[in-house]
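Asker: Attaching a single structure in structure tokens format; questions to follow.
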Amino acid sequence: MKTVKRILKISVSVFLTSVLAVSVYTCASVPKLSRDTKQVIDTVMDEPIPEIVKGTTGYAHSQEWKIWYERIPAGDTIKGTVLLIMGAANDALSWPRDFISHFTDAGYQVIRYDHRGTGLTESKEGWDRKNPYTLNDLAKDPIAILDTLHIQKAHLVGVSMGGMIAQVASIKQPERFSSLTSIMSSANVFDTLLPSMNMEILPKMISAVIKHGMFGGKEGKIKLQVVQKK
């Protein structure tokens with residue numbers, strides 16, 4: 001019995017030490033915010049929430065799902081369309097405004113949308129985890145949006161899981177897309193011919209999510225966006 005208690009004490013001590021070490025590493029590895037940045041965040045927290053959906057919105061029907069989208073107009077002359085596909089656990093509003101403005105200022109209308117069960121796109125009641133939708137299913141959503149808006153071709157930009165969806169959509173219907181840009185994504189993470197993941201950046205990203213995203217509240221969400229841009 002004494003041996004069991006001793007083992008339990010050692011196990012608890014090791015666990016607590018590990019948690020403390022991870023906490024210290026998490027706080028230390030996340031880039032520091034400048035005093036000016038913190039002041040800007042404090043100011044933003046006290047101001048009314050700005051309206052960030054300024055384009056034309058609607059729904060496209062894809063496999064019995066109503067997919068919410070926003071169509072952001074370009075300047076005077078429209079050179080083409082850029083369709084943005086966000087990654088997992090993020091909605092369309094996660095695309096930075098200055099990122100979008102680079103396209104609209106250059107004459108391209110921008111379309112962004114929410115994935116199934118995310119943001120303003122509907123969630124299915126009684127959804128069965130044993131019968132999930134796949135990347136092939138998700139790749140039908142951007143095509144459905146283009147069909148709804150009667151757009152023949154678009155430039156695809158996808159980040160993380162969105163990059164995977166963009167690749168599948170381009171393979172399925174290459175005639176619908178003028179170009180493909182895949183950010184922070186891969187066709188096969190186990191392909192040894194591709195460059196490996198940057199193991200210096202990944203821990204910092206995870207640490208930032210833990211420090212600001214999980215425990216920082218609303219202010220932490222703002223800090224997370226700032227840190228991730230660094």
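The values are calculated or read from the model by the stated rules, or taken from the named source; none is laboratory data. Not measured: the values here are computed from a predicted model. Counting neighbours? That spans all protein chains shown, and the Cβs are built from the backbone with ideal geometry, glycine included.
Asker: For segment 39-94, give me each residue that is aromatic (Phe, Trp, Tyr) and out of contact with any strand residue (DSSP E or B) (no Cβ under 7 Å at 6 or more places or on another chain).
Answerer: Of everything in segment 39-94, just one residue is aromatic (Phe, Trp, Tyr) and out of contact with any strand residue (DSSP E or B) (no Cβ under 7 Å at 6 or more places or on another chain), namely Trp65.
Asker: To continue, here is another question. Scan segment 79-112 for residues that are of a type in the set (Ser, Thr, Tyr) and more than 20 Å from Gln225 (Cβ to Cβ) and report the count.
Answerer: As a first pass, look at segment 79-112 and keep what is of a type in the set (Ser, Thr, Tyr): 81, 94, 101, 104, 108.
Imposing the further condition that a residue be more than 20 Å from Gln225 (Cβ to Cβ) reduces the set to 81, 104, 108.
Summing the residues that are of a type in the set (Ser, Thr, Tyr) and more than 20 Å from Gln225 (Cβ to Cβ) in segment 79-112 gives 3.
Asker: Would you mind stating whether Lys38 is assigned by TED's automatic domain parsing to the domain that holds Thr104, surrounded by 12 or more Cβ atoms within 10 Å (Cβ to Cβ) and basic (Lys, Arg)? Full working, then the answer.
Answerer: On the way: assigned by TED's automatic domain parsing to the domain that holds Thr104: no; surrounded by 12 or more Cβ atoms within 10 Å (Cβ to Cβ): yes; basic (Lys, Arg): yes.
For Lys38, the condition - assigned by TED's automatic domain parsing to the domain that holds Thr104, surrounded by 12 or more Cβ atoms within 10 Å (Cβ to Cβ) and basic (Lys, Arg) - is not met.
Asker: In the set Asn90, Asn188, which member is in a loop (DSSP other than H, G, I, E, B), more than 21 Å from Trp65 (Cα to Cα) and either out of contact with any Asp or Glu (no Cβ under 6 Å at 6 or more places or on another chain) or not assigned by TED's automatic domain parsing to the domain that holds Lys221 (or both)?
Answerer: The match here is Asn188.
Asker: Specify the residue that is farthest from Gly55 (Cα to Cα); the eligible residues are those in segment 74-84 that are part of a loop (DSSP other than H, G, I, E, B) and touching a helix residue (DSSP H, G or I) at 6+ places or on another chain (Cβ under 7 Å).
Answerer: The extreme case among them is Gly75.
Asker: I would also like to ask the following. Taking segment 45-59 only, how many residues are of a type in the set (A, V, I, L, M, F, W, C), farther than 21 Å from Tyr108 by Cα and within 22 Å of the chain's Cα centre (by Cα)? Reasoning before the result, please.
Answerer: Taking segment 45-59 as the starting set, the residues that turn out to be of a type in the set (A, V, I, L, M, F, W, C) are 45, 49, 52-53.
Filter again for farther than 21 Å from Tyr108 by Cα, leaving 45, 49.
Imposing the further condition that a residue be within 22 Å of the chain's Cα centre (by Cα) reduces the set to 49.
Residues that pass the stated criteria total 1.
Asker: Where residues in segment 83-115 are of a type in the set (D, E, K, R) and out of contact with any Leu (no Cβ under 7 Å at 6 or more places or on another chain), which of them is modelled with the highest pLDDT?
Answerer: Among them, the one singled out is Asp105.
Asker: Please work out if His102 is in a loop (DSSP other than H, G, I, E, B) and under 20 Å from Val53 (Cα atoms).
Answerer: Spelling it out, it is not the case that His102 is in a loop (DSSP other than H, G, I, E, B) and under 20 Å from Val53 (Cα atoms).
Asker: Which count do you get for residues in segment 47-86 that are of a type in the set (Lys, Arg) and either in contact with a Phe, Trp or Tyr (Cβ under 6 Å, 6 or more places away or on another chain) or crowded, with 21+ Cβ neighbours inside 10 Å (or both)?
Answerer: Residues that pass the stated criteria total 2.
Asker: Let me ask something else about it. Checking Gly87 against (1) farther than 18 Å from Ser160 by Cα; (2) in contact with a helix residue (DSSP H, G or I) (Cβ under 7 Å, 6 or more places away or on another chain); (3) among the small types (Gly, Ala, Ser), which test does it fail?
Answerer: Failing condition for Gly87: (1).
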